[in-house]
Amino acid sequence: MRDDQDIDKIAADMRECFRTAGQEHVFTFWDHLENPARRRLLEQLREIDLDVLAEPANPELAQAAEDKGELLPAPALRLGKEPEEGSRREGRNRGEELLGAGKIALLLVAGGKGSRLGQDGPKGCFPLAPLSAKSLFEIHAAKIRRLGLVHEVSLPWYIMTSASTDARTREYFEQKDFLGLPPADIIFMKQGSLPVLDERGKLILEAPDRISLSPNGHGGCYEALRDSGALEDARSRGIEHIFYFQVDNPLVSIADPLFCGLHDLTGSDMSLKVLKKTGPGEKIGVVAMRDDAVRVVEYTDMSREQANLRDSAGDLVFALGSIGIHLLRREFIEKLLSASTPLPLHPVSKHLDAIDGDGEPVTIEGTQLESFVFDALSLARRSFNLEVRREREFAPAKTLGGVDSVDSARKLLVEEHRRWLARAGITAHGTVEIDPLAGGSAEELAGELEPWSGREFKGPVLVSRGEDEKLSLEEPAGQEPLS
């Protein structure tokens, strides 16, 4: 767009395309815009796939909605049970082999903003650790550093951002010296965006020169892996499996050997960690079977009768929920990306800022379109579900207070770390924090904590590891735990 003539010609062609699609209103304020604003609008419009807006709005989604196959409970390796193929010990040993051979990469979904946590910026920058005030990013990075040290391996870390968090996330990592990890092992990948529609299926203008866009959902990680070069990086390193997790869960056990090993031994394309739901109304996706394939069914898509269905023992039939922790075979991701049919798009209702026909600000009900990472399950030749203990692996921090909040996440972290100390014969009554660099499990720490065995602590306790690699157990004086 070098001059006015170029802009006018491009605008005329594009205007006709949007008129044919019933979206010409995006040019409402064109005559009042200066050239820089016109360029911004045209650059944004050229990125829009008008086929997504055609009727039906999303053929793949319409087809999925007509899928009325019987819903059945999904198989899983439940707590206390042995898998059909190989024992837990075999799985753990295989996972250790994979990690030691550098066959595992990590994928963190971190596109969300911290607005619901009262913070301006990426959610991953939120200070969540109760004593050290380490951020979510720092907690995950410390676990990755520890994992690399234990297995003497370099673990590539692919971090998916969004348009609203990408620059701030990159800046944060640079300011923090990449949290002690080699910069070459970290690849940032920005997820794509999709247009937001009003109740009539029309594009929404949020400013005269800008339409409303939203991130394309966690299912956008597949295209982001490809477009960022991360998938090629994984291939060049000989990576076989990619461990997927979400930024707001500080309890996640990153690439734990048992999960990695069982996923590989069962020949699975995609595996899930699942947990027993607290009840039929818990707002997490249900892991189920339909048409001989494992699916994650959103709780909003289940009837009340299905959600409350119980077996002869009184237990929920659809008892297992997905917690956003997956393992994916790299070759499966490549196959998924080469498929002719994309993942379906799901409508999500939101209150959105917009402008009316006079350019005045208004708030309207809109619909975002998102793809879900777990929709790839329907294309997997084989999948595996591993049940885990909620209190040990799932502490999402989505809001400041209440259920799945910063408060509940910190409480779960403290309780888990208190159990680790108890395993070593240490009684702690106050706030406890164990730096991930100190150790990744009670078993790993038990021997090193022996000097403090039998002691009782009334106040806060911080366990960390110094530069000399020695473990230290401190009672921070005069330090108030975060609340």
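Some notes on this structure:
- Cα gyration tensor shape of the range 370-483, rounded if a/c is under 1.5, else prolate or oblate by comparing a/b with b/c: prolate
- Simple spin-label estimate for GLN119 and THR300 in nanometres, 7 Å along Cα-Cβ: 2.6 nm
- Spherically averaged projected area of the convex hull of Cα atoms, the range 413-474: 3.6 nm².
- Estimated distance in nm for a label pair at ARG382 and SER453, the labels positioned 7 Å out from Cα along Cα-to-Cβ: 4.2 nm
- For the range 4-46, the Kirkwood hydrodynamic radius comes to 10.4 Å, computed from all pairs of different C-alpha atoms.
- Whether the range 321-362 is rounded, prolate or oblate, judged on the alpha carbon gyration tensor where a/c under 1.5 counts as rounded: prolate
- Annotation for GLN44 and PHE178: the two label points, set 7 Å from Cα along the Cα-Cβ direction, are 3.5 nm apart.
- FRET efficiency for the pair ALA313 and ARG89, taken as 1/(1 + (r/R0)^6) with r the Cβ-Cβ distance and R0 = 45 Å, rounds to 0.95.
- Between ARG390 and GLU334, the FRET efficiency estimated from the beta carbon spacing at R0 = 22 angstrom works out to 0.10.
- For the range 412-449, the list of trypsin sites (Lys or Arg not before Pro) that fall in a loop by DSSP and count at most 15 other C-beta atoms within 10 angstrom is empty.
- For the chain, the C-alpha radius of gyration sits at 1.06 times the compact-globule guess of 2.2 N^0.38 Å, with N the residue count.
- Checking every one of the trypsin sites (Lys or Arg not before Pro) in the range 158-237 against DSSP loop status and a limit of 11 other Cβ atoms within 10 Å picks out ARG200.
- With 26 Å as the limit on Cα-Cα distance, the pairs of LYS123/LYS202; LYS81/LYS458; LYS123/LYS143; LYS277/LYS398; LYS143/LYS283 that go past it are LYS123/LYS202; LYS81/LYS458; LYS143/LYS283.
- In the range 267-297, the trypsin sites (Lys or Arg not before Pro) that fall in loop regions by DSSP, at most 15 other Cβ within 10 Å: LYS283
- Sum of side-chain charges, CYS260 neighbourhood, beta-carbon under 12 Å (Lys, Arg +1; Asp, Glu -1): 0
- C-alpha long axis of helix 136-151 to longest principal axis of the chain, angle in °: 50 degrees
Since every read-out is calculated from the coordinates, none of them should be taken as a lab result. Worth saying up front: this structure is predicted, and the values here are computed from it rather than measured. Quick reminder, even Gly has a Cβ in these numbers, built from the backbone with ideal geometry, and neighbours come from all protein chains shown.
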